[in-house]
1. Taking amide H atoms as placed 1.01 Å from N in the peptide plane, list the residues 5 or more away in sequence, or in a different chain, whose amide H sits under 5 Å from that of Val104.
2. Search the structure for amide H atoms under 5 Å from the amide H of Tyr41, placed 1.01 Å from N in the peptide plane, and list their residues when 5 or more places away or on another chain.
3. Need the full-extension length gain, Ser82 to Ile29, defined as separation in residues times 0.36 nm minus the C-alpha distance. One decimal, nm.
4. Would you pull out the residues with amide H under 5 Å of Leu50's amide H, same chain only if 5 or more places away, H placed 1.01 Å from N?
Amino acid sequence: MSETKRSDWPWGNVLNFDDEQKPDAHSSIPDVHIREEENSYEIEIEAPELDKKDFDLFAENNLLTVSASRQMNTDKHDSVFSRSFNIPVNTNQACIQAQYTDGVLRISLPKTTKPDTKSKRSIEIS
């Protein structure tokens, strides 16, 4: 297991913000850890204040989007974030898996020699 530095990422600039995704006063961007394993890329997102049901994951055209929204209470704004990750071309998008345990969302992107770049799917969190 090796921790991948930003400059070493095989897929370039992995974190993309557009104007709608930039953090504001009501956004909380969680810590993200990315590492490359022998057979997969692993993304861990630390979000202990959220529940599994608060997340939406979607993969399409070599882009993985992770978003979350949660109503804190009637007096406060939603806790919201959205992050997009460029998916490496050697990733099998149809086999991306995610699980949320102990406040950490873990996403596994298996490597493949036959990439599926046309796949479009919502990813269920176990």
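1. Sorted by chain and number, the residues that satisfy this are Ala47.
2. Amide H to amide H, under 5 Å and 5 or more residues apart or across chains, Tyr41 pairs with Leu109, Lys111.
3. On the way: separation 53, 0.36 × 53 = 19.08 nm, distance 0.79 nm.
In short, 18.3 nm is gained.
4. none
Where a number appears in this text, it was derived from the coordinates with a stated rule and is not lab data. Here the structure is a predicted model, which means the values were calculated and not measured.
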